[in-house]
Each structure stands twice: as C-alpha cells, then as structure tokens.
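J.: Dropping the structure in here first, questions after.
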Amino acid sequence: MNHIRNFCIIAHIDHGKSTLADRLLETTGRITAREMTTNQVLDDNPLEQERGITIKLHAIQMDYKRKPETGDTANYVLNLIDTPGHVDFSYEVSRSLAACEGALLVVDATQGVEAQTIANLYLAIEAGLEIIPVINKIDLPSAATTLPGVKQQVLDLLGCKEEDMILASAKAGIGIDEILEAIVARIPSPRGNPAAQLRALIFDSLFDSYRGAITYVRVVDGELHEGQKIKFMHSKREYIVEEAGVLHMDRIRTKVIPCGSVGYFTAAIKDVKDTKVGDTVTTAKDGAELPIPGFREVKPMVFAGLYPADSDDYEALRDALGKLSLNDSAILYEPETSTALGFGFRCGFLGMLHMEIVQERLEREFDQTLVTTIPNVEYIVTKTNGEQVTIDNPADLPPVGQIETIEEPYIKAQIICPAEYIGVVTKLCIERRGIYKNTTYISQSRVDLTFELPLAEVIFDFYDKLKSGSRGYASLDYEVIGMREGDLVKIDILLNNDPVDALSMIIHRSKSYGYGRKLCAKLRELIPRQMFEIAIQAAIGAKIIARDTIKAMRKDVIAKCYGGDISRKRKLLEKQKEGKKRMKQVGAVEIPQEAFLAVLSMDD
C-alpha cells in the first residue's frame, strides 16, 4: 500500500487535462508513441474526440520508477482517474474524488482560473485531497504576459507557495517528470486496513453484452478476489465475483484487487442499475456494517420527451434507450403518450449537454430519427385540498382552479468573467429572474459573480447567451439550492381549438404574454399552409392571450366569370367557403419537427 498513489485530474473544459493524461501514459510507458493513434487517448468515444470534451470518467493504472537521484528504488503504482470537466457531470467528479487521495489541479496559463476550476477544487478540498497545482500551456506565445497574473490567481485560491506550482505544457511534454515526482512525493499512500472486512467504492460501471455489468471500484478496506460472495449495500443484491483485475489500456485479469488499489470485477450482473455509482461493495457474510459515506441517487435536472419520427419505430427506440442506459446510468426514462406525437418516452437528464449527448448517441449509434419536445424542469404543485404532486411534464399540471401554489427549482450560479463584462452578465441574469448575491474580484481584471436563478430560465439558451455576450470569456458553474414558490402559469398552444400537448409550457406570468405572441408568430412561419385556414392560439386556462392565423390556399374560382350577374360569382365564393369550412372540421394539421423546437430559437 505504501507504493500506491491514487489521483485524478480536475480542470475546467479545454484546459488540457486529457492531453496531460496522454503525456503521463507515454512517460510511464503505459502506451507507446506508435500506439497513440489519436490525441486524448482516454476519450475513446467519437463524440468526445469531436467535441474535445470528456463525457465519461476513465480509470487507468501506470507503473513508475523514481529518478536515481532521489535514492528511492521502489516501483510505484499510479492509479489515474480522468474526470469530466462539465457542470452536468459533477456527481461523477465527486465520486472520482472519493476514490483518490490527491488531485492535479490544471489551470490554463492563458485563461486563468474558471468557474468549474473553483467548483471542482472545492469538491476536492471537501474530500480532503492533496492538491498539486499545475499551470498548463506555458509554451503558448500569449502565456508570457498572462502567466504572472494566473500564478497570483492560483496563490489566492489555494493559499500555497509559488514553488509548489508546476509549470508545464502537456502538448510539448514540458514539466511531465516534475508532475510524476510530485505525485509520488506529495500525495499520501492509501489509508485502509487490509485485514478488515471488504469495503469497496463503486465509481463507475459499464455494460458488456457477453459478461454483464463491469464494475469499477476502489478498494478501501480488505481485498476483493475471485470466487468471493459479495453484496451491494444499497441495492442489497448478492453476487459471486467471476473475474477481478486492474485497468491498463485494456482490463488485465489479476484475480485480486488489493487494499488501497483501483480495479474492476465482473459477477454476471445482468442490470447495470444494480451497480449504482457511489454504492459500497462488501462481503455477503459478516460484511462491513457501515457503507462508505457520500452515496446519493443521481437526480435528473432536465426533462424532455423523445419520440420516434415514425411511430413504427417505437419498439426500436425503447431497445436503444435500454442499451444506452446500461452504459449511462444517469438516464431515466418512462413511456408516455402525446396526442400530437403518439407513443414515446419521457426522459430525465443531468443537464442540457447531457441531453444533447444522449440524443446524438441515439441518432448515431442506434440509427434513430427523433422528435424532441421542449425541455423543462420538475415542479412541486400544492393543490387547494392540500395534496402535493411532483410534475415534470406541463400536460400533467392540474386545472388552474385546483392549484394553490407551484414551486420551481432554484440554482446558485457562479459566473467568472473579465471585469468589462459585468454589465452584460448582470443584465442577462436579471432578465432571467436572477437575484444578485455577491461580487468577488479574483484579480484586477477578472470577477466572480454569484446569482440565484430559476433552473427553468437556465436550461434553454442561457449558456449560449452568456458565451456570446462575453465573447466566450465567461464561465459558468451552478448547484441546485432548493425549491421556491413562483407565480407560474401553463401556456397551451391550440391549433384550430385543439391543444397540442407537446408545445405546452410552464412559464412565469410576467413573461407569458410576450412568450405566447412570439411562439404563435414563430409557428405561423413553420407550419405549412393548408387548403383551410388554421388559427394558432396561446391560452392560459380558458383565456386566449395571443393569436395568429395561417391563411388558406385558395383557388381563384371566379377566374372563369367574365362579366355577367354578380350572383353567379357570389354563389361560387359561397360554395368555396362552405368547402373550406368542412375541410377545417375534418382536416388534420401536420406539425413539422422544427415547430417543436421553435421555443429554443425564440430570440433569433
């Protein structure tokens, strides 16, 4: 155990942590330059490589021998867990941190400290980790002018000494040896009792169609070996370990995972939902009494309906969601029916990026063509009879007369941006019903703003507006702080007096009239003209708040009348009018997919 080091890399998106992981793997000989077919070798999903972000955490073991001048000839085992950097995956980050004793805090020499850097640092400090600050990308031309300021930001943030910082360039291979030496010298070896009952923390799992769920664990006490009968302390399920080993570029079978180390095991687990991230594994007989603290269920924040474009593909979509949820346990889904879209699924996601990733994976990996409804959040409705109901679909909202109060989730948003954009950021947050809380200057030119905002106002295009308003310099991190009562109403969209449930939305009353007018105007552009007139209305309960009309396509029926009695023309027009009326009664309006996403581009 004295020669094991468990560490992770934490950083904001695009600060170079996956590239740094590549250099560590190369330097320790875990992978050769010839095997480096792609950059960010741990990001093995094509989506991760295309977008340049880490979506899923990755664990890998390296062997390291210290330099001769240190006088230490022992071989060290380094277990690296590469973590995602996006706010949507912060629960995965927190579980990764619980499996480590130390963390490399990577900061870009040109961009400085960002919101997610601070958020992940606080998680690491709470977990009691040893922090090694690394300033990356020092070889960039602009780094010469920004480096002193970035150093000061890190000093203010961590309260460390300047000599504790390591200056590096992951791309150029500068400072990699110093980082490896610091990992061995500064990060403590694992604490645990090899003689105690088995306690292992699950920090990830994936599904293999031949072997069932493969569970990644950090053994805290005791040891995990093949043939052992184990129990998951949360789900109370019992299994026998079939295979155990460590994680190199591939899984290497070693038959045992010693105390303090990181590895994997298989046990013919049919359902990956049994292997919940954060759960504790112990022996089935005379197991540990107390689980490893910190476990909680992953709670979705954003909900949307996913429907097949062709209703015949419903079964295929169900199978695709089932297979995808085996590799991404954060997706929750259940069947639902919409009068406008037919059969589909109500899905819960961790955030908008997670929703985009899931949608793209379904389309690419499972060849699905999807119609996605407006994303929304979960509300708590108190009825007039005192009953409380939780809803994530506007169609489930009780009638107006039965509602006493509606509560919506609020978040605490931390936004870091250059000082010249304070006005832009504040204006955006106030427009989204934000409550200003605090301003802290990180340096003379960078500021940390804190706002409390309704989550429903953030999930659409808030991040895009923030980035465009600050020319890409602002960064956002947020955490949910609870539910608050609001003056919320449901807007229904009616086409020829028939409600389209997939376009319903819960919104604040102060914004409802403007929203209704805009959406009606947008739908008028997107819905194709029919042979009959289409009335588009926005309503709150029985009250119509906006209306637009798509005029009917008309044949010029009086073109053949050259002169003659006016009654002849009138008769033809009346006949046409009657026909249009009958058509309107029986005609169905075909709504294109763009109409369901119209709400996302309301301000365009």
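J.: Can you name every residue in the stretch 7-37 that is modelled with pLDDT under 75 and open to solvent by less than 50 Å² (accessible area, probe 1.4 Å)?
T.: Selection gives Ile13, Ile31, Met36.
J.: Go through the stretch 209-226 and give me each residue that's open to solvent by 20 Å² or more (accessible area, probe 1.4 Å) and part of a loop (DSSP other than H, G, I, E, B).
T.: Ser209, Tyr210, Arg211, Glu223, Glu226
J.: Now a separate question. Scan the stretch 246-262 for residues that are surrounded by 14 or more Cβ atoms within 10 Å (Cβ to Cβ) and at positive phi and jot them down.
T.: Across the stretch 246-262, the qualifying residue is only Gly260.
J.: Going by the conditions given, is Ala413 open to solvent by 20 Å² or more (accessible area, probe 1.4 Å), in contact with a helix residue (DSSP H, G or I) (Cβ under 8 Å, 6 or more places away or on another chain), not basic (Lys, Arg) and not in a loop (DSSP other than H, G, I, E, B)?
T.: Criteria not met by Ala413.
J.: Checking the conditions here, which among Ala552, Ala502 is surrounded by 12 or more Cβ atoms within 10 Å (Cβ to Cβ), in contact with a Leu (Cβ under 6 Å, 6 or more places away or on another chain) and modelled with pLDDT under 80?
T.: Ala502
J.: Can you tell me how many residues in the stretch 235-245 are farther than 22 Å from Asn2 by Cα and surrounded by 18 or more Cβ atoms within 10 Å (Cβ to Cβ)?
T.: Residues that pass the stated criteria total 2.
J.: Quick one: count up the residues across the stretch 244-266 that are part of a strand (DSSP E or B) and not aromatic (Phe, Trp, Tyr).
T.: Residues that pass the stated criteria total 12.
J.: Is it fair to say Ala309 is aliphatic (A, V, I, L, M), touching a strand residue (DSSP E or B) at 6+ places or on another chain (Cβ under 9 Å), touching a residue at least 12 places away in the same chain (Cβ under 8 Å) and open to solvent by 50 Å² or more (accessible area, probe 1.4 Å)?
T.: Taking the combined requirement at face value, the residue satisfies it.
J.: Quick check, is Asp156 in a helix (DSSP H, G or I) and either of a type in the set (Gly, Ala, Ser) or under 24 Å from Leu97 (Cα atoms) (or both)?
T.: It is true that Asp156 is in a helix (DSSP H, G or I) and either of a type in the set (Gly, Ala, Ser) or under 24 Å from Leu97 (Cα atoms) (or both).
J.: Taking the options Leu428, Leu397, name whichever one is free of Cβ contacts under 8 Å to residues at least 60 places away in the same chain and of a type in the set (A, V, I, L, M, F, W, C).
T.: Going through Leu428, Leu397 in turn, the sole match is Leu428.
Table: residues versus (1) in a strand (DSSP E or B); (2) of a type in the set (S, T, N, Q).
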position	(1), (2)
Leu104	yes, no
Val107	yes, no
Thr110	no, yes
Ala119	no, no
Lys151	no, no
Cys160	no, no
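J.: Inspect all residues belonging to the stretch 204-215 and state whether any of them is of a type in the set (A, V, I, L, M) and touching a Gly at 6+ places or on another chain (Cβ under 9 Å).
T.: Looking through the stretch 204-215, none of the residues is of a type in the set (A, V, I, L, M) and touching a Gly at 6+ places or on another chain (Cβ under 9 Å).
J.: Looking at the stretch 315-331, which of the residues that are open to solvent by 40 Å² or more (accessible area, probe 1.4 Å) and modelled with pLDDT of 75 or more is nearest to Asp279 (Cα to Cα)?
T.: Lys323
J.: If I filter the stretch 537-548 for residues that are farther than 21 Å from Ile374 by Cβ and either part of a loop (DSSP other than H, G, I, E, B) or at pLDDT below 80 (or both), do I get at least one hit?
T.: The answer is yes; a qualifying residue exists.
J.: Take the residues of the stretch 62-81 that are within 21 Å of Pro258 (Cα to Cα) and of a type outside the set (A, V, I, L, M): which is nearest to the chain's Cα centre (by Cα)?
T.: Once the filter is applied, the top-ranked residue is Asn79.
J.: Would you check which residues across the stretch 390-401 are more than 14 Å from Glu485 (Cα to Cα) and part of a strand (DSSP E or B) and list them?
T.: The one that is more than 14 Å from Glu485 (Cα to Cα) and part of a strand (DSSP E or B): Ile391.
The values are calculated or read from the model by the stated rules, or taken from the named source; none is laboratory data. Just so it is clear, the model here is predicted, and its values are computed rather than measured. Quick reminder, even Gly has a Cβ in these numbers, built from the backbone with ideal geometry, and neighbours come from all protein chains shown. Side chains included, ligands, DNA and RNA excluded: accessible areas come from the protein's heavy atoms. Shrake-Rupley method; radii C 1.70, N 1.55, O 1.52, S 1.80 Å.
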